[in-house]
Amino acid sequence: VSKVITLTTDFGTRDAYVGTMKGVILRIAPEAAIVDLTHEVEKQDITEAALVLKTSHAFFPDGAIHLAVVDPGVGGTRRPIVLRAHRQLFVGPDNGIFSFLVGKGYEAWLLEAKAFRLDIVSDTFHGRDIFAPAAAHLARGTDPSAFGPAVRDLVEVTARQSVELAGAIRGEVVHVDSFGNLITNISREQLATLCGERLPRIEVSGRVLAGLERSYSDVPRGHLVAVIGSIGFLEVAVRDGSAQRKLGVGRGDPIVVRVS
Amino acid sequence: VSKVITLTTDFGTRDAYVGTMKGVILRIAPEAAIVDLTHEVEKQDITEAALVLKTSHAFFPDGAIHLAVVDPGVGGTRRPIVLRAHRQLFVGPDNGIFSFLVGKGYEAWLLEAKAFRLDIVSDTFHGRDIFAPAAAHLARGTDPSAFGPAVRDLVEVTARQSVELAGAIRGEVVHVDSFGNLITNISREQLATLCGERLPRIEVSGRVLAGLERSYSDVPRGHLVAVIGSIGFLEVAVRDGSAQRKLGVGRGDPIVVRVS
Amino acid sequence: VSKVITLTTDFGTRDAYVGTMKGVILRIAPEAAIVDLTHEVEKQDITEAALVLKTSHAFFPDGAIHLAVVDPGVGGTRRPIVLRAHRQLFVGPDNGIFSFLVGKGYEAWLLEAKAFRLDIVSDTFHGRDIFAPAAAHLARGTDPSAFGPAVRDLVEVTARQSVELAGAIRGEVVHVDSFGNLITNISREQLATLCGERLPRIEVSGRVLAGLERSYSDVPRGHLVAVIGSIGFLEVAVRDGSAQRKLGVGRGDPIVVRVS
């Protein structure tokens with residue numbers, strides 16, 4: 001087990017909710033190294049948090065503990081769980097937030113044991129009262145199976161997948177980053193299969209980009225550019241600018257690649 | 001003494017003011033574990049910072065050091081102090097920021113000794129030059145009484161208290177969190193005393209909510225709900241939405257509970 | 001070498017880019033103490049990042065490692081470097097971001113050795129793939145000369161300097177902080193040389209301020225005040241308010257000091 005605990009929430013940083021979770025963690029595991037992945041997930045957007053975990057976890061050490069709390073069902077019937085996958089541990093609500101991590105097999109357990117919760121558990125803030133203590137106990141070496149019975153049939157959310165057609169891939173923008181880069185669900189491998197040695201012809205919002213560059217700096221300032229982004233997916237950007245603004249395109253908008 | 005130092009300021013995170021305070025701390029106390037409570041207190045809003053400290057400190061270990069800098073009087077006559085209360089230490093200006101911590105008794109000392117300040121003390125940034133070094137020295141084990149003479153008669157700010165009337169409690173919204181939840185100054189205990197087994201009838205901005213739910217998920221999406229929030233006070237929320245937006249209500253607006 | 005690694009970027013905190021850099025660091029150097037200086041540098045604004053490093057680094061321990069990534073040329077021909085200056089280390093692109101640190105002499109090396117990079121290096125995120133691993137290896141004690149050949153003739157950006165005229169200094173606003181304070185490029189020493197015992201007469205946006213106060217609290221609330229700010233430069237502020245808003249002045253706007 002690693003001492004690294006990451007946090008992914010929709011709590012923002014204006015309130016002290018995140019800070020109090022860190023207090024709870026450090027009271028139990030003073031040696032924990034806590035890393036914020038983001039606290040600015042769109043409120044209640046489980047799928048966005050699931051994408052953050054999918055694209056970030058592999059850069060952390062084996063044994064790292066990822067605490068994720070986007071939890072519209074807090075206080076209801078959704079199960080609090082700990083999950084083992086990719087040689088790491090994931091703690092949070094069973095509401096689909098771990099959907100994109102379980103493909104290659106996983107084990108999961110219910111967070112049930114009262115010994116690993118705060119003495120008083122509120123009905124509105126399980127991040128502080130159940131999940132933060134669980135992550136801290138894991139960092140101290142408690143085995144995940146000590147928390148409760150194994151659970152299966154986790155809730156899943158589905159991100160829309162890109163579709164491979166004859167001579168084309170139909171995908172969409174799954175994330176717009178703070179630079180205004182449009183990150184899609186079309187992978188490097190799909191592009192290679194489609195195009196081979198030929199150039200892709202990328203259609204987005206009525207504009208056509210021919211070809212794929214290596215990086216933003218391969219085009220002049222202010223120009224549109226398509227690249228394979230840092231997480232391995234097709235990305236449309238504007239050098240030193242915002243593709244979101246230039247194209248008026250946002251999350252969920254379609255993008256089509258053909259062979260040119 | 002704990003190695004945990006929390007920070008509460010109105011500095012924001014765009015400038016490097018908070019970062020330089022952390023540099024000062026780590027130069028003196030390399031083992032410190034620094035936690036941000038919030039840096040987005042409304043500019044100059046001492047009462048808001050006082051509420052953050054009140055509702056957060058208990059989740060940190062005994063001996064934790066809380067550094068709080070909302071300091072409109074910097075460079076003037078207000079005293080820099082260290083306070084011991086609730087088996088924790090609090091460092092900052094004596095301007096009322098610790099008002100809600102001193103009810104059960106406290107000891108306080110002036111931060112006077114030059115040995116525990118930066119060599120050059122500016123007139124505009126005591127957070128960096130006086131308070132951060134003080135917190136770091138405390139984390140290394142320096143006794144608070146070593147900083148200067150004991151002080152009494154601390155400055156106090158008063159949050160408006162809720163008022164108990166015959167068959168009713170008249171309170172107000174003291175904080176609106178980033179979800180748009182309206183957090184009030186009416187406590188779980190006050191509600192229990194007022195209502196006993198009967199249901200509360202909650203009036204806010206011309207709307208009436210009957211009853212109290214356990215959690216947000218006890219009502220359908222988009223519906224108003226009253227709960228006892230995670231810090232033990234009456235809270236009005238909208239499931240998966242914003243009560244602030246739905247009701248047009250903000251901090252300072254009245255809320256009345258009657259027995260139904 | 002210190003275990004302290006600071007981060008300065010234009011990545012924002014909404015995406016997990018900063019978090020993944022921290023994961024990379026902690027995988028290599030689990031004992032690193034990571035401090036965010038700011039992630040809200042204006043997108044692509046190398047000069048602003050250079051100013052952050054200039055005004056912040058001295059508050060960190062000897063041997064601290066400063067990682068700075070404002071990198072519009074990522075994937076192009078700009079060199080990745082490590083720099084030693086002021087008994088600290090600086091890691092980032094050779095695009096001028098370290099311009100204000102090299103005045104008193106420096107040594108620099110190319111970040112070339114594949115052993116100190118991630119196995120797969122993307123063309124769009126060298127912060128994660130080259131700079132974060134380099135900082136982590138430095139924190140573990142790797143000598144900067146181990147990364148590659150020494151480099152000279154670093155790229156420089158120039159901040160406009162204030163100009164000393166007969167009986168006057170012509171400067172400008174170089175930064176507006178989150179309080180709306182206007183921080184200029186006119187230093188304490190320049191003011192002393194110009195004015196001696198006499199009072200400065202400060203002209204900004206058609207307004208004249210006579211004299212220099214010690215701190216904000218030396219004037220009534222809402223009044224304009226000129227002070228020497230916490231980094232040693234002339235600053236125009238409004239007590240408990242925003243000089244930016246009151247004067248309608250921003251970065252790059254002129255400010256003139258005369259002897260009165």
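The values are calculated or read from the model by the stated rules, or taken from the named source; none is laboratory data. Note that the structure is predicted; figures quoted are calculated from it, not measured. FYI the Cβ positions are ideal-geometry reconstructions off the backbone, even for glycines, and counts take in every protein chain you see. When the accessible area is computed, the model is the full protein with side chains, heavy atoms only, and any ligands, DNA or RNA have been set aside. Shrake-Rupley method; radii C 1.70, N 1.55, O 1.52, S 1.80 Å.
Listing for the model above:
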| read-out | value |
| --- | --- |
| Filter result for the condition that a residue is open to solvent by less than 60 Å² (accessible area, probe 1.4 Å) and more than 30 Å from residue A:40 (Cβ to Cβ), over B:141, B:127 | B:141 |
| In region A:226-238, the residues that are in contact with a helix residue (DSSP H, G or I) (Cβ under 8 Å, 6 or more places away or on another chain), outside any strand (DSSP E or B) and facing chain C (nearest Cβ under 8 Å) | A:230 |
| Subset of region B:72-89 that is touching a residue at least 60 places away in the same chain (Cβ under 8 Å) and either open to solvent by 40 Å² or more (accessible area, probe 1.4 Å) or under 25 Å from residue C:181 (Cβ atoms) (or both) - its residue that is nearest to the other protein chains (Cβ to nearest Cβ) | B:78 |
| Unmet requirement for residue A:55, which otherwise passes all of (1) in contact with a strand residue (DSSP E or B) (Cβ under 8 Å, 6 or more places away or on another chain); (2) at negative phi | (1) |
| Residue list for region B:102-138, restricted to those being within 20 Å of residue B:8 (Cβ to Cβ) and at pLDDT below 95 | B:102, B:103 |
| Residue C:153 being on the phi > 0 side of the Ramachandran plot, free of Cβ contacts under 8 Å to residues at least 24 places away in the same chain and either open to solvent by 10 Å² or more (accessible area, probe 1.4 Å) or among the aromatic types (Phe, Trp, Tyr) (or both) | yes |
| Enumeration of residues in region C:95-106 that are open to solvent by less than 30 Å² (accessible area, probe 1.4 Å) and assigned to a loop (DSSP other than H, G, I, E, B) | C:95, C:96, C:97, C:98, C:102 |
| Residue within region C:101-113 that is touching a Leu at 6+ places or on another chain (Cβ under 7 Å) and farther than 26 Å from residue B:27 by Cα present | no |
| Failed item in (1) under 18 Å from residue C:124 (Cα atoms); (2) away from every other protein chain (no Cβ under 13 Å), with residue A:200 passing the rest | (1) |
| Out of A:223, A:175, sole residue that is more than 10 Å from every other protein chain (Cβ to nearest Cβ) and either open to solvent by less than 50 Å² (accessible area, probe 1.4 Å) or farther than 21 Å from residue C:18 by Cβ (or both) | A:223 |
| Scope region C:214-251; condition touching an Asp or Glu at 6+ places or on another chain (Cβ under 7 Å), under 20 Å from residue B:128 (Cα atoms) and not β-branched (Val, Ile, Thr); matching residues | C:214, C:215, C:229 |
| Flag if residue B:252 is open to solvent by less than 50 Å² (accessible area, probe 1.4 Å), in a loop (DSSP other than H, G, I, E, B) and closer than 20 Å to residue B:48 by Cβ | yes |
| Any hit, region C:115-128, residues being away from chain A (no Cβ under 14 Å) and among the polar types (S, T, N, Q) | no |
| Residue, farthest from residue B:154 (Cα to Cα), within region B:51-94, restricted to residues that are within 14 Å of the chain's Cα centre (by Cα) and part of a loop (DSSP other than H, G, I, E, B) | B:60 |
| Restricting region C:107-119 to residues that are assigned to a loop (DSSP other than H, G, I, E, B) and without any contact (Cβ under 8 Å) to a residue 24 or more places away in the chain, the residue that is surrounded by the most Cβ atoms within 10 Å (Cβ to Cβ) | C:117 |
| Among (1) open to solvent by less than 40 Å² (accessible area, probe 1.4 Å); (2) without any contact (Cβ under 8 Å) to a residue 60 or more places away in the chain; (3) of a type outside the set (A, V, I, L, M, F, W, C); (4) farther than 23 Å from residue C:120 by Cα, the one test that residue A:232 misses | (4) |
| Qualifying positions in region A:161-188 - over 23 Å from residue A:242 (Cα atoms) and either touching a strand residue (DSSP E or B) at 6+ places or on another chain (Cβ under 6 Å) or without any contact (Cβ under 8 Å) to a residue 12 or more places away in the chain (or both) | A:162, A:163, A:165, A:166, A:167, A:168, A:169 |
| Residue under evaluation residue A:217, criteria (1) within 14 Å of chain C (Cβ to nearest Cβ); (2) surrounded by fewer than 18 Cβ atoms within 10 Å (Cβ to Cβ); (3) among the small types (Gly, Ala, Ser), criterion not met | (2) |
| Any hit, region B:242-249, residues being surrounded by fewer than 14 Cβ atoms within 10 Å (Cβ to Cβ) and at pLDDT 95 or above | yes |
| Residues within region C:3-27 that are aromatic (Phe, Trp, Tyr) and either in a loop (DSSP other than H, G, I, E, B) or within 7 Å of chain A (Cβ to nearest Cβ) (or both), tallied | 1 |
| Residues located in region B:28-45, provided they are hydrophobic (A, V, I, L, M, F, W, C), open to solvent by less than 10 Å² (accessible area, probe 1.4 Å) and at the interface with another protein chain (Cβ under 7 Å from one of its Cβ atoms) | B:35, B:37 |
